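Below is one structure, written out as C-alpha cells; the observations come after it.
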Amino acid sequence: MNYNYDDRYIVVYQVYDGSAYYDSIQIEEEKDSLFAQFATLKKMVHCYWIIDKETDIVHGPMTKADFDWKCEELQVKAKMKRPK
C-alpha cells in the first residue's frame with residue numbers, strides 16, 4: 001500500500017491481495033455496503049482512494065484515471081510515489 005496526505009486529504013493506492021479478510025462475515029448493518037465495495041475492489045485489483053479528513057467522506061475505490069480527475073477536482077495537494 002502506498003499513501004500520502006496533506007492538510008485535508010489522505011490519498012491511498014491499494015492492491016487487492018486475495019485475502020480472506022474481504023470474505024469475512026460482517027454485521028448485518030454493514031454487510032451490503034461493505035460486500036459491494038469489496039466486490040468492486042476484487043474486480044479492480046489496483047485501486048485508489050481519497051479520504052477527506054474534514055468531512056470523513058471516502059472516495060473510492062477508483063481507477064487511476066478517476067483518481068487523477070478527482071484529485072484535480074478536489075484540489076488535492078498530496079502526491080504519491082508511482083506504484084512499482
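What the table shows:
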quantity: Thr55 paired with Ala39, simple spin-label distance in nm, labels 7 Å along Cα-to-beta-carbon; calculated: 2.6
quantity: Set of lysines with alpha-carbon distance to Lys79 below 19 Å, sequence-local pairs under 8 removed; calculated: Lys53, Lys64, Lys70
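Here, each number is a calculation from the coordinates, and none is a lab measurement. Just so it is clear, the structure is predicted and the values come from calculations on it, not from any experiment. Counting neighbours? That spans all protein chains shown, and the Cβs are built from the backbone with ideal geometry, glycine included.
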